[in-house]
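The values are calculated or read from the model by the stated rules, or taken from the named source; none is laboratory data. Since we're looking at a predicted model, the values are computed, not measured. All Cβ positions, even for glycine, are placed from backbone atoms using ideal geometry, and neighbour counts span all protein chains on display.
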Amino acid sequence: MKILVTGAAGFIGYHITNHLAEGGHEIVGIDNLCDNKDLTIKKIRLSLLGLEPAAAATGEMQTGKNGLRFVRMDVLDRDAIGKLCREEGFDVIMHLAALTGATKARMNPAEFYETNVTGTINMLEAARQQGVQHFFYSSSSCVYSALANSPLKEEDHVDTPLNMYAASKRSAELICYSYAKAYGIPVTVFRLFSVYGPWARPDSIPMQLAHRIMKGAEIRVMNNGHIIRDFTYIEDLLEGTDAALDNQPFSISGVPYALYNVGRGKPVSFLSFIQSLEYSLSSNATVVLDPATPLVVGEREEMYADTSKLERELAYSPVWDYEEAIPLFADWFLENYNKTFKM
C-alpha cells in the first residue's frame, strides 16, 4: 500500500514509518519539525530513517531507508497537503501529527485546538478529495472523563473532558466520525494508552522518570502514590497497526468507522513502574508521595483499557508486560542518555 504518515519524526510516527517501510509499504512521511524541546531527538529519528536532518528541514522531498520518502510539511498547510495527496495518490493516510500534553494545552489552548482539530480536518478533507481508501487517526486515552470507570471501554463517557488536550482529541474523533458518515471514508481510530519505548518524547512519563532516577532528582507521585496507568510498549502498537491496516472498518449502521482502545489492558501502579525502572537502571529513585489528587491537573486516578473490542474485531491482543519491556527501554536509555541526546 501507498501510505502517508503525518508526524513521521515524532515518537510514534518514527516507529510506524520505519515499521511499515520495512514491511514493504510505499511510505511518504511528513512533519513540520517544530522548534521545541523534542527537536533534537526528532533529528535523531530522521537519521535512523536514513534521512539527512539538515536536508529534510529544507522542504525538499528526501529518500531514506527502504525507499521511504520524507518532506517537511505542516498539517495546517491545507494547500500543500492537498497538492501532495493529489500528486501521490495515497491508499491510506495515517494521521499521527499532534500537539500533546495536558499542561502545555492549558497554557496554549488555541494552538492545541488549531493543530489537533483543524489539522485533522485538513487531512480528512485531503482524504475525501482524493478518494483515500482508509484513514487512520491516533487519539488518546485522555479523552475518558472522570465519569468513566476503569477498565475503560470505548462506549464509556467521554464528553466531559478533563483538560484542553483531551477536548482537542475528542473533537477530532467526532470530526473523523462525521467524515465517515457524510462521505463514506473508512476511518479507524486508536485511543492510545501511555505508549513508551526507545526514542520516546523527552516529556513523556517513562522518559521523565528515567531521567529523574539517573539524575537523583525527586519524583513526586500524586494521590499518595495511588496512580494507575496502562503502560503500552511500542511493539504492541506496531502489531496493532498492522491488524488495523488488514481490517478496513465496517458497520452494520452504514458508517465505516471503528474505534479501539490500544493498551496492554492491565493496570499498573506508578510505584511498581518506578520500581521496575530503578532495578533496570541500577539506580535508586527518590519518591515523594504527594496528597494532591490527579483531578487538580486534569488527570484521572485510574486509567487502563478494556481491549476486548480490539481482540474481538481485529483478532489482536497486546502482549508486552511492563516487566518484560522496561529492561529493553532501560537498556536503550542507558546507551543513549547524555550521549546521543540530553534532557
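Of the residues 13, 59, 7, the single one that is more than 25 Å from residue 343 (Cβ to Cβ) and in the same structural domain as residue 119 (by TED's automatic domain parsing) is 59.
Of all the residues that make up the range 162-193, how many are free of Cβ contacts under 8 Å to residues at least 40 places away in the same chain and within 29 Å of residue 235 (Cβ to Cβ)? Residues in the range 162-193 being free of Cβ contacts under 8 Å to residues at least 40 places away in the same chain and within 29 Å of residue 235 (Cβ to Cβ): 1 in total. From the list 310, 237, 271, which residue is part of a helix (DSSP H, G or I), in contact with a strand residue (DSSP E or B) (Cβ under 7 Å, 6 or more places away or on another chain) and assigned by TED's automatic domain parsing to the domain that holds residue 104? Residue meeting the stated conditions: 237. Scanning the range 149-160 for residues that are assigned to a loop (DSSP other than H, G, I, E, B) and in contact (Cβ under 8 Å) with a residue 24 or more places away in the chain, we see that the one that is nearest to residue 189 (Cα to Cα) is 154.
Could you tell me which residue of the range 211-261 is farthest from the chain's Cα centre (by Cα), considering only residues that are within 21 Å of residue 279 (Cβ to Cβ) and among the acidic types (Asp, Glu)? Full working, then the answer.
We begin by selecting, within the range 211-261, every residue within 21 Å of residue 279 (Cβ to Cβ); these are 211-221, 225, 227-235.
Subsequent filtering for residues that are among the acidic types (Asp, Glu) retains 218, 230, 235.
Working: 218: 27, 230: 14, 235: 13 Å.
Only one residue tops the list, namely 218.
Figure legend. Inter-residue proximity from the range 109-126: first residues in contact (Cβ under 8 Å) with a residue 12 or more places away in the chain, second residues among the polar types (S, T, N, Q), beta-carbon distance below 6 Å, spacing 6+ or different chains. Indicated pairs: 112/168; 113/168; 116/168; 117/168; 117/171. Scanning the range 196-222 for residues that are in contact with a helix residue (DSSP H, G or I) (Cβ under 6 Å, 6 or more places away or on another chain) and part of a helix (DSSP H, G or I), we see that the one that is nearest to residue 295 (Cα to Cα) is 209. Residue pairs whose Cβ atoms lie under 8 Å apart, sitting 6 or more positions apart in sequence or on different chains, and linking a residue in the range 205-218 that is assigned by TED's automatic domain parsing to the domain that holds residue 269 and within 14 Å of residue 341 (Cβ to Cβ) to a partner that is in a helix (DSSP H, G or I) and of a type in the set (A, V, I, L, M), are 210/277; 210/281; 210/330; 214/281. Of the strands (runs of 3 or more DSSP E) contained entirely in the range 45-140, those carrying at least 2 residues that are under 21 Å from the mean Cα position of the chain (by Cα) and aromatic (Phe, Trp, Tyr) fall at 134-140. Considering only residues in the range 318-343 that are in a loop (DSSP other than H, G, I, E, B) and more than 20 Å from the chain's Cα centre (by Cα), the one that is surrounded by the fewest Cβ atoms within 10 Å (Cβ to Cβ) turns out to be 339. Test residue 288 against the stated conditions and say whether it is in contact (Cβ under 8 Å) with a residue 60 or more places away in the chain, outside any loop (DSSP other than H, G, I, E, B) and touching a Lys or Arg at 6+ places or on another chain (Cβ under 7 Å). Yes, satisfied.
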